[in-house]
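> Encoded as structure tokens, here's the structure I'll be asking about.
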Amino acid sequence: MSLSGNSGTNASTNFLGTTDNQPLIFKTNSTENVRISNVGYVGISTNNPLTSLQVNGGFSLNSTTVNLTADNQVITVGNFSNIKLNSNNATSANRTFTLSNGLVDGQMLVIYPVAGAAQLLDAGNVNIAGNFNFGVEDVLHLVWIGNKWLQVSRSNN
């Protein structure tokens, strides 16, 4: 193993891990920080993960800013989980938008504006109990269920 990378590897025979029924542990400054259990569960700041990913402590999702500069825009969600809206209009009905499909069942999406106003249309692959009018500090939380986005929560501040 080289600290500057390896070439000519074969994933079936070259890997980082264990060959027995033991967890793989990552440490920094002699302290365990990440553990992959013998059944494949990943724990961050926990040495006994009980689910596919268990985080002991806070976590954050990097956001992607989408500029809304016209009416009837489609936001491509892709692998994003946190979208900030930057609208150049003060009236939500003048900056309507829809969402592309999610990538996998259970994909979570948080949408909130940082400037202006916008309206997510309750149509097509979006099922949110009526159009949602965003103003600054409003938040909408959605989940993709394979064929549409469903509302988890909304906050109109």
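The values are calculated or read from the model by the stated rules, or taken from the named source; none is laboratory data. Because the structure is predicted, anything quoted here is derived from the model rather than measured. We place every Cβ from the backbone using ideal geometry, glycine too, and count neighbours over all the protein chains shown. Surface accessibility is based on the protein's heavy atoms, side chains included, excluding ligands, DNA and RNA. Shrake-Rupley method; radii C 1.70, N 1.55, O 1.52, S 1.80 Å.
> Given the condition surrounded by 13 or more Cβ atoms within 10 Å (Cβ to Cβ), part of a loop (DSSP other than H, G, I, E, B) and among the small types (Gly, Ala, Ser), answer yes or no: does some residue in segment 25-39 qualify?
Applying the first criterion (surrounded by 13 or more Cβ atoms within 10 Å (Cβ to Cβ)) to segment 25-39 yields 25, 32-37.
Those still in the list that are part of a loop (DSSP other than H, G, I, E, B) too: 37.
Next, only the ones that are among the small types (Gly, Ala, Ser) stay: 37.
Scanning segment 25-39 turns up at least one residue that is surrounded by 13 or more Cβ atoms within 10 Å (Cβ to Cβ), part of a loop (DSSP other than H, G, I, E, B) and among the small types (Gly, Ala, Ser).
> What residue, of Asn101, Asn47, is touching an Asp or Glu at 6+ places or on another chain (Cβ under 7 Å), open to solvent by 70 Å² or more (accessible area, probe 1.4 Å) and part of a loop (DSSP other than H, G, I, E, B)?
Asn47
Table: residues versus (1) over 15 Å from Ser155 (Cβ atoms); (2) outside any loop (DSSP other than H, G, I, E, B); (3) among the hydroxyl-bearing types (Ser, Thr, Tyr); (4) over 20 Å from the mean Cα position of the chain (by Cα).
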{"residue": "Asn89", "(1), (2), (3), (4)": "yes, no, no, yes"}
{"residue": "Gly106", "(1), (2), (3), (4)": "yes, no, no, no"}
{"residue": "Val110", "(1), (2), (3), (4)": "no, yes, no, no"}
{"residue": "Asn133", "(1), (2), (3), (4)": "no, yes, no, yes"}
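> Oh, and also: Just checking, which of Asn127, Asn157 is farther than 19 Å from Thr69 by Cβ, open to solvent by 40 Å² or more (accessible area, probe 1.4 Å) and over 21 Å from the mean Cα position of the chain (by Cα)?
Unique residue meeting the criteria: Asn157.
> Right, another one. Among (1) at pLDDT 95 or above; (2) surrounded by 13 or more Cβ atoms within 10 Å (Cβ to Cβ); (3) under 21 Å from the mean Cα position of the chain (by Cα), which single condition is Asn147 missing?
All conditions pass for Asn147, except number (2).
Table: residues versus (1) small (Gly, Ala, Ser); (2) in contact (Cβ under 8 Å) with a residue 12 or more places away in the chain.
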{"residue": "Thr19", "(1), (2)": "no, no"}
{"residue": "Lys27", "(1), (2)": "no, no"}
{"residue": "Val42", "(1), (2)": "no, yes"}
{"residue": "Val66", "(1), (2)": "no, yes"}
{"residue": "Gly78", "(1), (2)": "yes, yes"}
{"residue": "Ile83", "(1), (2)": "no, yes"}
{"residue": "Ala90", "(1), (2)": "yes, yes"}
{"residue": "Asn94", "(1), (2)": "no, yes"}
{"residue": "Leu99", "(1), (2)": "no, yes"}
